[in-house]
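*Asks:* Below is one structure. I have some questions about it.
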Amino acid sequence: MIIINNVIIRNPYTQVTAGLYKAREGDAVQAVKAALDAGYRHIDTAYLYGNEKEVGRAIRDKIAEGVIRREDVFVTTKLWNTFHDPKHVEEAFNRSMANLDIGYIDLYLMHCPVSFKFSGWQAQKSDPVEFTEVDIVDTYRAMEKLLETGKVKSIGVSNFNSEQITRIVNECKVRPVTNQVECNPTLNQRKLIEFCRKLGIAITAYSPLGRPNQSSGNENKSAIDDPRVLEIAKKYNKSPGQIILRYLLDIGTIPIPKSANPDRLRQNIDLFDFKLSAEEIKTMDGFNTGKRIVDISYLENHKYFPFHIDF
Ligand SMILES: NC(=O)C1=CN([C@@H]2O[C@H](COP(=O)(O)OP(=O)(O)OC[C@H]3O[C@@H](n4cnc5c(N)ncnc54)[C@H](OP(=O)(O)O)[C@@H]3O)[C@@H](O)[C@H]2O)C=CC1
Ligand SMILES: O=C1CO[C@H](CO)[C@@H](O)[C@@H]1O
C-alpha cells in the first residue's frame, strides 16, 4: 500500500483495470458486472466514452447484491477536452458524478492536455475539431478545487509528456497521482515511467495489449502474435495477452486492458502466479519502437500536443 497525496492506493502496481472505451449501454453494464465478478476492483471510464451511467448502474447493482462495498472499488473517469475552460470544469465533473451516481469518484483525470472549443455538454469530437488554447495549469487548478468538495478523492492527468508534468508539479499544489498514457511492448515508455516514478506519479498503461484485431491506421501493430511472445506464453502456460500484461506489471505500470469477452476478462487478471525473468523482460523490451498504436496525430497542430518530444 502506498499513500500519494493522502489517497491510499492499494498496491497500485498490481492493479489491472477493466478499460471501457467502446463498451456501450447494455454491453457496458454487463462488462462491468462481469469484471467485478471476476475480481476487478478498478474501473476506467471517461465522459467521452458515453457509458458512465452504465458503469454506475453495474456498481450499484453489485453493491446491492452484496458482492462489493463502495470502498472496495476504485473508479476513474476523465474530463473531456471540450471542458478545459476553468468555468466548465465543475459542471463537467458534476455531470460525471450524476452519471455515475456512486457517492464519490476515486480519480478524475484530465483526458488530454489539448483543449477543444466548448460545444455543449455532449461529449464528442467535432469534425473538424476546433482547438482552443486553455492553459493546462488553469484547467488543473480548477480540478484541484474539486478535491475540496470531497466528491473526488484524487486527480491526475492523461496523455501528458514530461515537460507538461513538470509544469503541473512546479505550478500547482497537488501532484497528479497518475499519468495515463499508451504503454505496451511497442511503446514501452521506459523513460516516462522512470521520470514519473521519481516524482511519485504512477503510470497507467492504456491500450496495453496494443489493440489487437484493430488496424491502427499506421504501420504499428500489437506484439501479441509474435513468436517470441508465444514462446514465453507456452513456458508459463499462459496466453500471449497475459505475457504482455505481466510485462507491463513487471516494468511498474498499471495496465488497463479492455475486454468484453468473459474468458479474456478472466485471463487478463490472472497474472499474479508468475513473473517474467530478466532475460524475458529484455526480450519484451526488444519490441519497443517508440511508435504509437493509438493515433492522435489529428491533434498535432495544437499548442499542447504532447508527442513532439521524446517522452
Ligand atoms: N486515456 C486515454 O486517452 C485512453 C484510454 N484508454 C483506456 O484503455 C483501455 C484499454 O485500451 P484499448 O484501446 O481498448 O486497447 P487494449 O490494448 O486493451 O485492446 C483491447 C482489444 O484487445 C482484445 N483483447 C483483450 N484481452 C485480450 C487477450 N487476453 N488476448 C487477445 N486479445 C485481447 C479486446 O477484444 P475482446 O473485447 O473481444 O476481448 C479488444 O479488441 C480503454 O478501454 C480505455 O479505458 C484507451 C485509449 C486512450
Ligand atoms: O480514451 C480514448 C480512447 O481512444 C481514443 C482513440 O481511439 C482516444 O481518442 C480517446 O482519448
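*Asks:* What is the set of long-range amide H partners of PHE131 at a cut-off below 5 Å, with H atoms built 1.01 Å from backbone N?
*Replies:* LYS117
*Asks:* Whose amide H sits under 5 Å from the amide H of HIS42, counting only residues 5 or more places off or on another chain, with H placed in the peptide plane?
*Replies:* Close amide H contacts, sequence-distant or interchain: ALA18, PHE74.
*Asks:* List the residues of the stretch 50-69 whose backbone N lies under 14 Å from a point placed 7 Å from the Cα of GLN122 along the Cα-to-Cβ direction.
*Replies:* 50
*Asks:* By how many nm would the segment from ARG228 to TYR298 grow when fully extended, if each residue of separation counts as 0.36 nm and the alpha-carbon distance is taken off? List each step's numbers first, then the result.
*Replies:* On the way: separation 70, 0.36 × 70 = 25.20 nm, distance 3.33 nm.
Roughly 21.9 nm would be gained on extension.
*Asks:* Taking 7 Å along the Cα-to-C-beta vector as the label spot, tell me the GLU219-ASP135 distance in nanometres, rounded to one decimal.
*Replies:* 4.1
*Asks:* Which GluC sites (Glu not before Pro) from the stretch 131-228 combine a DSSP loop assignment with at most 12 other Cβ atoms within 10 Å? Don't jump to the answer; show the numbers that get you there.
*Replies:* Working: sites: GLU133, GLU144, GLU148, GLU163, GLU171, GLU182, GLU194, GLU219; in loops: GLU133, GLU148, GLU219.
Filter output for the stretch 131-228: GLU133, GLU148, GLU219.
*Asks:* Provide the gained length on full extension for the span THR166 to LYS282, in nm with one decimal, where the gain is 0.36 nm per separating residue minus the Cα-Cα distance.
*Replies:* 38.8 nm
*Asks:* Right, here's the next one. Once amide H atoms are placed 1.01 Å from N in the peptide plane, what residues at a sequence separation of 5 or more from SER158, or on another chain, have their amide H within under 5 Å of its amide H?
*Replies:* Correct list: MET110, CYS112, GLN180.
*Asks:* For the stretch 172-183, just list the computed ³J(HN,Hα) in residue order, Karplus coefficients 6.51, -1.76 and 1.60, θ = phi - 60°, integers in Hz, with x standing in for Gly and Pro.
*Replies:* The phi angles translate into 10, 8, 9, 6, x, 6, 8, 10, 8, 9, 4, 7 Hz.
*Asks:* Straight distance only, please: which lysines reach the Cα of LYS198 with their own Cα at less than 20 Å, same-chain residues fewer than 8 apart left out?
*Replies:* Straight-distance partners of LYS198: LYS173.
*Asks:* Of PRO185, PRO240, PRO262, which is the most mobile in a GNM of the chain whose springs link Cα atoms less than 10 angstrom apart?
*Replies:* PRO262
FYI, it's all coordinate maths here, none of it is from the lab. Computed from a prediction, not measured in an experiment: that's the story for all the values here. Using ideal geometry, Cβ is built from the backbone for each residue, glycine included, and neighbour counts are taken over all protein chains shown.
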